[in-house]
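Have a look at the structure below, then the notes.
The values are calculated or read from the model by the stated rules, or taken from the named source; none is laboratory data. All values derive from a computational prediction rather than experimental measurement. Don't worry about glycine lacking a Cβ; one is built from the backbone with ideal geometry, like all the others, and counts go over all protein chains shown.
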Amino acid sequence: MELIYRIALPRIYGVGNIIARLLVDYFGSAQKIFEADYEELKIIPGIGSNLLQKLSDTQVKKNVLEEAYTELEWCERKKVKVLLHDSDDFPALLKDCYDAPFLLFMLGNLKNTDRNMAVIGSRKSSHYGEYSVNRICESLAPHQVNIVSGLAYGIDTIAHQSALHHKLPTTAVLAHGLDRIYPASNRKLAAQIAEYGALLTEYPINTNPDRENFPKRNRIVAGMSVATVVVEAGITGGALITADIAASYGREVFAVAGRMNDTFSLGCNYLIEKNKATILNSGNQLLNELGWVENNSFKKEIVAVKSQEELHPDEKVIIQLLTQKGNLSQQLIALHLQKPIQQVGAYLFNLELTGWVKNLPGNIYEFLP
């Protein structure tokens, strides 16, 4: 059974994704690799002496085949599907990446589409980050864009939750085996994702979420997505690494700008400043720039977003306050609304972007009629 040999091959120490694909391309199947002797293996270009020794070691091949049988039995019990790199159900965009996984394990249902959108960011998110993700998913909902993220704390979690709320498919790419969930607090969310989207990983069972797995996980998030959106990010961390990976694959990168003194926006502002990302003002902008809607419909939607009727109820209250009382500080506005000042800051930032208010020196806000 070819599938057993495919699962077993990457378990041989020294056989990475690129070497595994090279071997299968050369022999035509993984089974033939296991059946080949030393003389047949040594003529393959790019195979060093240490790896050659392991590939021709009968005991090594027996051990990894036993592990593969255990893995496949577990997958069948848990209804986990194995996606092979050269199969039609493997994520199409990911196939084009030179370092794409040799195979993937999937729980759920992954619709093979080019409308995959990575939404990533800081593990410590703000009200503005949550607000931004929800607005993006709301705009993408009619187009059934698949939201891809990493199930981590913060923006990743919000991205999956918002996708489910807006009835969008969503895929969580994991840095460990499917027999565990990290972080554990997202177990319920992971179950929902598996029901309405997919959990995806290149790691077999019994693989822990070790530190070195996360950058590898990030390349899958970026590789299977037509574009990557960074909502909030510090100046260092996984979100910026993922943005760089996406750019290296020739994919679009967008970033939501923030204030200069917002810690969570330093990474986004840096990406925009260095021309590594396009500044993102709305989900409709994504649709337009990726060619998923016509330009004229995009312009109509932008006008609608700027209409008061489309604003959040609290944003409407802020406009009324400024109209009736004149210029107010962010603190006074938060006091009137009886809302956390960070949440009010997110509302005010959006009102600035849509041209309703102006931020004056001293964090004072002026209504722009």
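Within the stretch 160-175, being free of Cβ contacts under 8 Å to residues at least 40 places away in the same chain and out of contact with any strand residue (DSSP E or B) (no Cβ under 7 Å at 6 or more places or on another chain) holds for Gln161, Ser162, His165, His166, Lys167.
The residues in the stretch 26-75 that are surrounded by 12 or more Cβ atoms within 10 Å (Cβ to Cβ), under 21 Å from Met1 (Cβ atoms) and of a type in the set (Val, Ile, Thr) can be counted, and the count is 4.
If I filter the stretch 94-107 for residues that are part of a helix (DSSP H, G or I) and either of a type outside the set (A, V, I, L, M) or within 19 Å of the chain's Cα centre (by Cα) (or both), do I get at least one hit? So that I can check it myself, show each step before the final result.
To start, the set of residues in the stretch 94-107 that are part of a helix (DSSP H, G or I) comprises 94-95.
Subset that is either of a type outside the set (A, V, I, L, M) or within 19 Å of the chain's Cα centre (by Cα) (or both): 94-95.
Yes, the stretch 94-107 has at least one match.
For the stretch 108-143, filtering for residues that are small (Gly, Ala, Ser), more than 20 Å from Leu83 (Cβ to Cβ), modelled with pLDDT of 90 or more and more than 13 Å from the chain's Cα centre (by Cα) leaves 4.
Under 17 Å from the mean Cα position of the chain (by Cα) and of a type in the set (S, T, N, Q), is that true of Asn208? In short, no.
Being at pLDDT 95 or above and touching a Lys or Arg at 6+ places or on another chain (Cβ under 6 Å) narrows it down to one residue among Ala184, Ala163, Ala175; which is it? Lay out the reasoning, then the answer.
On the way: Ala184 fails: touching a Lys or Arg at 6+ places or on another chain (Cβ under 6 Å); Ala163 fails: touching a Lys or Arg at 6+ places or on another chain (Cβ under 6 Å).
One residue alone meets the criteria, Ala175.
Across the stretch 98-140, which residue is surrounded by the fewest Cβ atoms within 10 Å (Cβ to Cβ) among those that are of a type in the set (Asp, Glu) and assigned by TED's automatic domain parsing to the domain that holds Leu168? Give the derivation first.
Kept after step one, since they are of a type in the set (Asp, Glu), are these residues of the stretch 98-140: 99, 114, 130, 138.
Checking the rest, the ones that are also assigned by TED's automatic domain parsing to the domain that holds Leu168 come to 114, 130, 138.
Values: Asp114: 12, Glu130: 21, Glu138: 16.
The qualifying residue surrounded by the fewest Cβ atoms within 10 Å (Cβ to Cβ) is Asp114.
Identification of helices (runs of 4 or more DSSP H) wholly contained in the stretch 1-86 with 2 or more residues that are closer than 28 Å to Leu199 by Cβ and in contact with a Lys or Arg (Cβ under 9 Å, 6 or more places away or on another chain) yields 2-8, 17-27, 58-78.
Criterion first (surrounded by fewer than 22 Cβ atoms within 10 Å (Cβ to Cβ), modelled with pLDDT under 95 and basic (Lys, Arg)) does Lys95 satisfy it?
Numbers: surrounded by fewer than 22 Cβ atoms within 10 Å (Cβ to Cβ): yes; modelled with pLDDT under 95: yes; basic (Lys, Arg): yes.
Judged against the criteria, Lys95 is a match.
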